[in-house]
1. Could you grab the pairs with beta carbons closer than 9 Å, sequence gap of 6+ or different chains, first residue in the stretch 120-141 and aromatic (Phe, Trp, Tyr), second one surrounded by 15 or more Cβ atoms within 10 Å (Cβ to Cβ) and assigned to a helix (DSSP H, G or I)?
2. Return the residues of the stretch 120-152 that are polar (S, T, N, Q) and farther than 20 Å from Glu70 by Cα; say none if nothing qualifies.
3. Among Lys104, Lys94, which is surrounded by fewer than 21 Cβ atoms within 10 Å (Cβ to Cβ) and either among the basic types (Lys, Arg) or in a strand (DSSP E or B) (or both)?
4. Can you name the residue in the stretch 4-61 that is aromatic (Phe, Trp, Tyr) and part of a helix (DSSP H, G or I) and is also nearest to His95 (Cα to Cα) among such residues?
5. Do any helices (runs of 4 or more DSSP H) lying entirely in the stretch 117-225 carry at least 3 residues that are surrounded by 13 or more Cβ atoms within 10 Å (Cβ to Cβ) and of a type in the set (A, V, I, L, M, F, W, C), and which ones are they?
6. Is there a residue being among the polar types (S, T, N, Q) and in a loop (DSSP other than H, G, I, E, B) anywhere in the stretch 77-89?
7. When residues of the stretch 180-225 are filtered for being within 14 Å of Val117 (Cβ to Cβ) and hydroxyl-bearing (Ser, Thr, Tyr), how many remain?
Amino acid sequence: MSVRIGFLLDSLQTYITQEFVGFLFGVDKGTVSRKVQELSLCMTGVFRIPENKVRIDPDDLEAVFVDATEQPVNRPTRGQRRSYSGKKKRHTVKHHVVVTRARKGPGEKQKVRIKAVSKGAKGRVRDKKVYDRSRLQVPEGVPKSGDSGYQGSHLRVPKKKPRTGQLSDEQRHANRRLAKERIVAEHGIGKMKIWRIASDRYRNPLRRHTVMMKNVAGLHNRVYG
């Protein structure tokens with residue numbers, strides 16, 4: 001079993017081709033593909049990262065942060081416009097990720113965990129629409145924030161500068177404070193991308209992408225949470 005786990009972790013960490021993985025482990029490409037799928041589903045059952053219902057205890061929680069992450073994909077043969085991200089200037093798949101920060105005692109290390117990963121959406125879909133589709137459920141009373149891409153949601157977001165006029169000093173200060181807090185989400189997602197399968201151009205079938213992202217989130221929590 002330890003060999004199989006190493007087999008999967010190598011695939012996630014390095015994202016080398018299945019032919020090369022097969023060469024390293026002495027099996028053919030078809031066996032690699034089959035085993036990776038089997039082990040990925042097993043890992044999903046172990047980590048149990050939800051898509052929308054965040055299972056947390058509000059008494060142990062300081063804040064929840066929502067952010068979108070995009071990953072390049074192969075150019076689709078159909079529906080290219082729907083997959084094209086104007087922000088990234090390429091074809092992508094997009095998820096929003098829910099990051100939590102636990103209360104920290106004196107001298108304790110700050111713990112950041114990935115609590116939910118939404119279903120994948122095509123790159124053209126706006127962040128707020130991905131968020132709305134997910135029907136995110138967070139316990140009452142827990143502060144929830146996002147970036148300016150979530151304007152119009154119930155999340156705490158930066159104040160936009162009015163068309164005529166300026167933001168007040170208080171509003172600018174609140175925006176800076178929120179940006180400082182949201183670094184937690186950016187760092188959490190950034191550490192997920194240490195696993196190259198979540199950062200390189202995704203070559204596998206898109207139907208497997210959400211499972212992969214959940215597994216990477218679970219690995220993040222084991223390593224950093």
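Values quoted throughout were computed directly from the atomic coordinates according to the rules given, and no laboratory measurement underlies them. Source: prediction; values computed, not measured. Cβ placement follows ideal geometry from the backbone for every residue including glycine, while neighbour counts extend to all protein chains displayed.
1. Listed pairs, sorted by first residue: Tyr131/Gly149; Tyr131/Tyr150.
2. Residues of the stretch 120-152 polar (S, T, N, Q): 134, 137, 145, 148, 151.
Selection gives Gln137 alone.
3. Working: Lys94 fails: surrounded by fewer than 21 Cβ atoms within 10 Å (Cβ to Cβ).
Exactly one residue qualifies, and that residue is Lys104.
4. The initial filter retains those residues of the stretch 4-61 that are aromatic (Phe, Trp, Tyr), namely 7, 15, 20, 23, 25, 47.
Among the residues that remain, those that are also part of a helix (DSSP H, G or I) are: 7, 20, 23, 25, 47.
On the way: Phe7: 26, Phe20: 29, Phe23: 33, Phe25: 32, Phe47: 18 Å.
In this case the residue turns out to be Phe47.
5. Working: elements: 127-134, 169-192, 209-224.
Qualifying helices (runs of 4 or more DSSP H): 169-192, 209-224.
6. First, pick out the residues of the stretch 77-89 that are among the polar types (S, T, N, Q): 77, 80, 83, 85.
Narrowing further to those that are in a loop (DSSP other than H, G, I, E, B): 77.
Yes, the conditions are met somewhere in the stretch 77-89.
7. Selection size over the stretch 180-225: 1.
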